[in-house]
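Right, one structure below, let's go through it.
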Amino acid sequence: MMLLRSRLSPKRGLGASAGLLLALCLAAGTAAQAADSGLVLSRAWFRMVMPSLPAAGYFTLSNPTGTAQVLVGAASPACGMLMLHQSVNQGGQERMAMVKSVAIPVHGKIAFAPGGYHLMCMSPTAAMKRGNTVPVTLRFEDGTTLTANFPVRNATGK
Ligand SMILES: [Cu+2]
């Protein structure tokens with residue numbers, strides 16, 4: 001979310017486009033230099049119900065390294081904003097809450113799956129279409145990243 005904030009924060013007006021360009025250049029530079037997280041991603045997919053609705057992203061992230069990692073953000077060119085969410089049951093009602101970070105313990109794994117953690121693609125582009133794959137970059141607290149292609153499936157996961 002820090003990346004998104006830095007893109008959104010430049011002041012409106014004359015400086016906005018220059019600020020945005022600078023932010024994009026900085027982001028590109030960061031991405032190019034970012035080391036691999038060492039984490040292993042599996043079972044990645046997006047659930048796209050309707051193009052007009054946010055799409056949910058799911059995956060399993062394993063940490064075979066000797067260092068705990070903390071997922072702090074996600075981005076995809078196929079999504080306006082890509083947020084970390086968690087479904088929580090509050091008094092029998094399913095609600096979604098924003099999540100700032102998710103820790104992946106040493107030799108442990110976390111699952112983003114229906115009913116729990118998920119990525120929320122707020123404004124899917126035309127690329128978010130069943131049968132397509134869309135790239136997602138996960139960003140970790142130590143500055144490392146992990147980029148993978150997520151296949152897009154329908155509401156039933158097909
Ligand atoms: Cu959500």
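The values are calculated or read from the model by the stated rules, or taken from the named source; none is laboratory data. Since we're looking at a predicted model, the values are computed, not measured. When we count neighbours, we look across all protein chains shown, and the Cβ atoms used for this are built from the backbone with ideal geometry, even at glycine. For accessibility, only protein heavy atoms count, side chains too; no ligands or nucleic acids. Shrake-Rupley method; radii C 1.70, N 1.55, O 1.52, S 1.80 Å.
Things to note:
- What segment 37-153 shows is 49 Å² of accessible area per residue, with the surface traced by a 1.4 Å probe over protein heavy atoms.
- Listed peptides 73-79, 137-143 by packing density, highest first (mean Cβ within 10 Å): 73-79, 137-143
- Sulfur and carbon atoms: percent of accessible area, segment 28-142 [1.4 Å]: 55 percent
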